[in-house]
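Chemist: Take this structure, written in structure tokens, and hold onto it; I'll ask about it next.
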Amino acid sequence: MGYRIVVAGATGNVGREMLNILAERQFPVDEIVALASRRSLGSECSFGDKTLKTKDLDTFDFEGWDIALFAIGSEATKKYAPKAAKAGCIVIDNSSLYRYDPEIPLVVPEVNPEAVDGYAKKNIIANPNCSTAQMVVALKPLHDRARIKRVVVSTYQSVSGAGKEGMDELWDQTKGMYVPGQEKAPSKFQRQIAFNVIPQIDVFMEDGTTKEEWKMVVETKKIVDPSIKVTATCVRVPVFVGHSEAINIEFEEFLDEDEARDILREAPGILVVDKREDGGYTTPVECVGDYATFISRIRQDSTIENGLNLWCVSDNLRKGAALNAVQIAETLGKRVLKKG
């Protein structure tokens, strides 16, 4: 006996990836439904070798469904997630709405799988921010060995993190650089994104950080350890898919780079590609479509007593969103629901 699964927001980038990954990983599905807003009603989505026609999220009855994967943004989630949860359907939400609620678990299965047990308080589990998800997969095994004091992270985040509009803007602006009359002014982003980088993701906060940077701080503390100090600079770059991060880690005790490399090689969800030669590392181009979080450029930081640097790359539509949500569903199934 398998699960009755709902994918809400099935026509978006993340929703489509959720359907793809459920099929790829052979999640034990008895029945699946794709939901969308009324403007996308009747459009088609692929699920393995099947084609699903979207149904209306607004009128859908969640009674009798086991798990709903939400990729519909915070405003719609605020309306529909409580409705699904009240009907007994467990919501795994990809928006930021519930991430900071102390009664709702924020889960990366390689890091804190036991947290899913707390779903029952509100029948909702939160999926972390894409930039946080890949970073904590790398931090957790190192933290278990040497206790992390402080993390300094600079991100290089792809435009797909801003959805289809972000991808379209990069494409259109790039064309406009070469084709007279097709120039496109910024609309989704604050500045031109083609051939440029933008040191702002989300809105500015009073202390000068952006909300994306704040998310990384708060989510890392909730998922890994509240004692870890985190400072982040988040930058949008002209890459379609795949987030990259340069991470500097300060530990409470010394951790040799060779031991760190061995620890990361054995850690779940990580693939180490770290050769000290031209091209001996992973870039966003190579990570697209892959489940793994790739770690490269592991090296000692000689400027502090117990420091390491590393380079972290992952497909943000997968590990940063859809894959992590499906992994949460798998963990929930194994630990709690035990079907399939």
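Chemist: For segment 9-28, enumerate the residues that are of a type in the set (Asp, Glu) and under 16 Å from the mean Cα position of the chain (by Cα).
Modeler: Across segment 9-28, the qualifying residue is only 17.
Chemist: Kindly evaluate residue 115 against the criterion of being touching a Gly at 6+ places or on another chain (Cβ under 7 Å) and of a type in the set (A, V, I, L, M).
Modeler: no
Chemist: Related question: So, residue 226, is that one at pLDDT below 95 and more than 14 Å from residue 159 (Cβ to Cβ) or not?
Modeler: No, not satisfied.
Chemist: Related question: Residue pairs, Cβ under 6 Å, 6 or more apart or interchain, first in segment 268-280 and closer than 19 Å to residue 324 by Cα, second modelled with pLDDT of 95 or more and of a type in the set (Asp, Glu). List them.
Modeler: Short answer, once both residue conditions are applied: 268/110; 269/110.
Chemist: Which condition breaks for residue 199 when tested against (1) modelled with pLDDT under 95; (2) over 25 Å from residue 11 (Cβ atoms)?
Modeler: It fails just one condition, (1).
Chemist: Does residue 121 count as open to solvent by 10 Å² or more (accessible area, probe 1.4 Å), of a type in the set (Lys, Arg), in contact with a Phe, Trp or Tyr (Cβ under 7 Å, 6 or more places away or on another chain) and over 14 Å from residue 331 (Cα atoms)?
Modeler: no
Chemist: Please give the number of the condition residue 159 fails out of (1) within 28 Å of residue 287 (Cα to Cα); (2) touching a Phe, Trp or Tyr at 6+ places or on another chain (Cβ under 8 Å); (3) without any contact (Cβ under 8 Å) to a residue 24 or more places away in the chain.
Modeler: (3)
Chemist: Next question. Of the residues 217, 153, 136, which single one is β-branched (Val, Ile, Thr) and in contact with a Lys or Arg (Cβ under 9 Å, 6 or more places away or on another chain)?
Modeler: 217
Chemist: Filter segment 30-44 down to the residues that are farther than 17 Å from residue 79 by Cα and not aliphatic (A, V, I, L, M), then identify the one that is most open to solvent (accessible area, probe 1.4 Å).
Modeler: Here the answer is 39.
Chemist: Follow-up. So if I check each of 27, 47, which one is open to solvent by less than 30 Å² (accessible area, probe 1.4 Å) and in contact (Cβ under 8 Å) with a residue 40 or more places away in the chain?
Modeler: 27
Chemist: Condition first: closer than 18 Å to residue 220 by Cα and out of contact with any Pro (no Cβ under 8 Å at 6 or more places or on another chain). Can you find one or more residues in segment 58-74 that meet it?
Modeler: no
Chemist: If you check 52, 41, 35, which single one turns out to be in contact with a Phe, Trp or Tyr (Cβ under 8 Å, 6 or more places away or on another chain) and either more than 19 Å from residue 87 (Cβ to Cβ) or in contact (Cβ under 8 Å) with a residue 12 or more places away in the chain (or both)? Reasoning before the result, please.
Modeler: Details: 52 fails: in contact with a Phe, Trp or Tyr (Cβ under 8 Å, 6 or more places away or on another chain); 41 fails: in contact with a Phe, Trp or Tyr (Cβ under 8 Å, 6 or more places away or on another chain).
One residue alone meets the criteria, 35.
Chemist: If you take the residues of segment 1-17 that are open to solvent by 50 Å² or more (accessible area, probe 1.4 Å) and not in a helix (DSSP H, G or I), which of them is nearest to residue 324 (Cα to Cα)?
Modeler: The selected residue is 4.
Chemist: Can you tell me how many residues within segment 99-126 are in contact with a helix residue (DSSP H, G or I) (Cβ under 7 Å, 6 or more places away or on another chain) and either under 28 Å from residue 262 (Cα atoms) or basic (Lys, Arg) (or both)?
Modeler: Residues flagged as in contact with a helix residue (DSSP H, G or I) (Cβ under 7 Å, 6 or more places away or on another chain) and either under 28 Å from residue 262 (Cα atoms) or basic (Lys, Arg) (or both) within segment 99-126 amount to 10.
Chemist: Inside segment 52-70, can you point out the residues that are in contact with a Gly (Cβ under 7 Å, 6 or more places away or on another chain) and crowded, with 18+ Cβ neighbours inside 10 Å?
Modeler: 54, 70 - these are the residues of segment 52-70 that are in contact with a Gly (Cβ under 7 Å, 6 or more places away or on another chain) and crowded, with 18+ Cβ neighbours inside 10 Å.
The values are calculated or read from the model by the stated rules, or taken from the named source; none is laboratory data. Note that the coordinates shown come from a computational prediction; the quantities given were computed from them, not determined experimentally. Note that each Cβ is placed from the backbone with ideal geometry, even for glycine, and that neighbours are counted across all protein chains shown. Protein only, heavy atoms only, side chains kept; ligands, DNA and RNA dropped before computing areas. Shrake-Rupley method; radii C 1.70, N 1.55, O 1.52, S 1.80 Å.
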